[in-house]
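Since the structure comes first, as structure tokens, the remarks are kept for the end.
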Amino acid sequence: MNTSEIGKQELDNNFGYKNLSRGVKSKATKLLYSLSDQVFTVGATFAANVLLARVDTHAGYGTFVLIYSIFTFLSGIHNALVLEPYTVFAAGKYRNVFSDYLQLFMRINAVIGAGLALLVLIVAGVLYFWWPEWFSITLLGLAAAVLFVFTGAFARRTFYVNFDARLAAFMSMAFFATVSIGLTILYYQQKVNGFSVFLVLAMGWLVASPVFFFKYPIRSGARRFISSHHRYWSGHWNYARWVLATALVFQLLGQGYLWITGILLSVEDVASLKAVQNIVSPVNLIFSSISLLILPRMAHAFQQQSIAGLTPIVRRLLVAVLGASALFILFIYAAGNPILNLVYAGKYNTALPLLYIIALTPAALGLGNVFNDTLKAMEHPKSVFYAYLGGGLTTILAGVPLILAFGLTGAAWGMVLSSLIYGVVLMNSYHKFVRTVGTIPAC
């Protein structure tokens, strides 16, 4: 090999290393933006929860938690009808007509958000006039916030579909700043309650929304998409119906334990259970960040390479999720008591044994969420529904007896068991479809 050939090889090697380095840095930067987005978004809600838990009574905070679980249920419906099908099809099937597709779903998002807000108002009115003992003004705050929060979620999902976590992070930063200022004002005015917290969350997304609408202004295109894709809704519904069914049973896996605890034990016990769940939320935040970043890429990879494109992604995610879960569990066992004392000023220190148990749930949920995203990318949400159904049935068949027998400790162990069943069912479904990759049915 002569000198020129050696020089050329070294140049090629250096160029390859530089490209590899750029690729690693690019992925790390995108993950950092995605994490920042989740930190700002979930952090604002976390701050609102912690502030309310510190200044309100156990009963008052417990009531807010139960009403917030209604918001979680509505979010599941919005996710099924808008976010999930939009993410999968925008990143895959309709990638080449994304602009028109976006305009259509901007309108669909607004209609569904307004419809769900109206539904909450109707329920609040019925309770006010016929069952006033069940009415809470916090319901009105929820009705006012629904459309704004859902619009924020849609905007952020659009950024991820276009692999632009940077703008999602900027939007969430504006949201977090607005909420932080609002909560500070409420605190010093001594007006922190469930109603005012929902209003501040709505205001946060209203202030942050220009980040999205400057990038994607409302234009024509929706009718053009419909005229060229007459049967688009049929494909959407075939996908969305399973996600919608999942949203209905999802409540039993997560929020179900709060309601069952409220019915069988007390609203004060709901507050204690939610207080320790708040401490566990940061690791779930990390997993959500990865999911938002990776689902569009999974959908695109499956469209291009089928299972071969997904397998390397799944393996890397499993290593990351299980490693992070193990570190988190060790951290909670080492520093759980000081953390509870710091966050709640000693108000929920008696819930420390519950924290040690619930710290196990992110490992099971994180494992399940990897296969959850994978099956969605494969356009097979039916399997996700069955996983949530398995977790929900576990809540009823095992969780209820555990709560009756062991109280809050039983509720904590029930949450771990339900999460584990959810993860195992998803993992089994994934491996079954990998073995029969040639016959995977769509939706």
Exercise for review: State which residue is nearest to the chain's Cα centre (by Cα) when the search covers only the range 93-103 and only residues that are under 26 Å from Thr374 (Cα atoms) and crowded, with 19+ Cβ neighbours inside 10 Å.
Suggested key: Leu102
Practice item. State which residue is surrounded by the most Cβ atoms within 10 Å (Cβ to Cβ) when the search covers only the range 120-146 and only residues that are out of contact with any Phe, Trp or Tyr (no Cβ under 6 Å at 6 or more places or on another chain), in contact (Cβ under 8 Å) with a residue 40 or more places away in the chain and in a helix (DSSP H, G or I). Key: Val146
Check your understanding: Among (1) surrounded by 21 or more Cβ atoms within 10 Å (Cβ to Cβ); (2) within 17 Å of Ala202 (Cα to Cα), where does Ala80 come up short?
Key -> (2)
Check your understanding: Going through the range 104-137 one residue at a time, which ones are closer than 30 Å to Ser228 by Cβ and among the small types (Gly, Ala, Ser)?
Key -> Ala110, Gly113, Ala114, Gly115
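Results for (1) touching a Lys or Arg at 6+ places or on another chain (Cβ under 9 Å); (2) in contact (Cβ under 8 Å) with a residue 24 or more places away in the chain; (3) not assigned by TED's automatic domain parsing to the domain that holds Val65; (4) not in a helix (DSSP H, G or I), shown as yes or no for each residue.
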| position | (1), (2), (3), (4) |
| --- | --- |
| Val249 | no, yes, yes, no |
| Ile260 | no, yes, yes, no |
| Ile263 | no, no, yes, no |
| Glu268 | no, yes, yes, no |
| Ser272 | no, yes, yes, no |
| Ala275 | yes, yes, yes, no |
Check your understanding: Does at least one position in the range 358-370 carry a residue that is within 22 Å of the chain's Cα centre (by Cα), in a loop (DSSP other than H, G, I, E, B) and touching a residue at least 60 places away in the same chain (Cβ under 8 Å)?
Key -> yes
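For every residue, the table says whether it meets (1) surrounded by fewer than 20 Cβ atoms within 10 Å (Cβ to Cβ); (2) over 16 Å from the mean Cα position of the chain (by Cα).
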| position | (1), (2) |
| --- | --- |
| Thr29 | yes, yes |
| Ser36 | no, no |
| Val39 | yes, no |
| Gly43 | yes, no |
| Val50 | yes, yes |
| Ala59 | yes, yes |
Practice item. Inspect all residues belonging to the range 171-193 and state whether any of them is under 30 Å from Lys93 (Cα atoms) and assigned by TED's automatic domain parsing to the domain that holds Thr41. Key: yes
Review point. From Phe175, Phe154, Phe163, which residue is touching a residue at least 60 places away in the same chain (Cβ under 8 Å) and surrounded by fewer than 16 Cβ atoms within 10 Å (Cβ to Cβ)?
Key: Phe163
Practice item. Taking Phe195 as the residue in question, decide whether it is more than 30 Å from Pro296 (Cβ to Cβ), assigned to a helix (DSSP H, G or I) and in contact with a Ser or Thr (Cβ under 7 Å, 6 or more places away or on another chain). Key: yes
Check your understanding: Within the range 198-220, can you find the residues that are in a helix (DSSP H, G or I) and either at pLDDT below 90 or more than 29 Å from Leu66 (Cβ to Cβ) (or both)?
Key -> Pro210, Val211, Phe212, Phe213, Phe214, Lys215
Study note, to complete from the structure: All-but-one check, Arg241 against (1) part of a helix (DSSP H, G or I); (2) basic (Lys, Arg); (3) within 19 Å of Tyr68 (Cβ to Cβ), failing number (3)
Check your understanding: Could you list, in sequence order, the residues of the range 262-321 that are among the hydrophobic types (A, V, I, L, M, F, W, C), within 30 Å of Phe406 (Cα to Cα) and at pLDDT below 80?
Key -> Leu285
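The values are calculated or read from the model by the stated rules, or taken from the named source; none is laboratory data. The shown structure was predicted, so the numbers you read here are calculated from the model rather than taken from an experiment. Please note: Cβ atoms are built from the backbone with ideal geometry, for glycine as well, and neighbour counts cover all protein chains shown.
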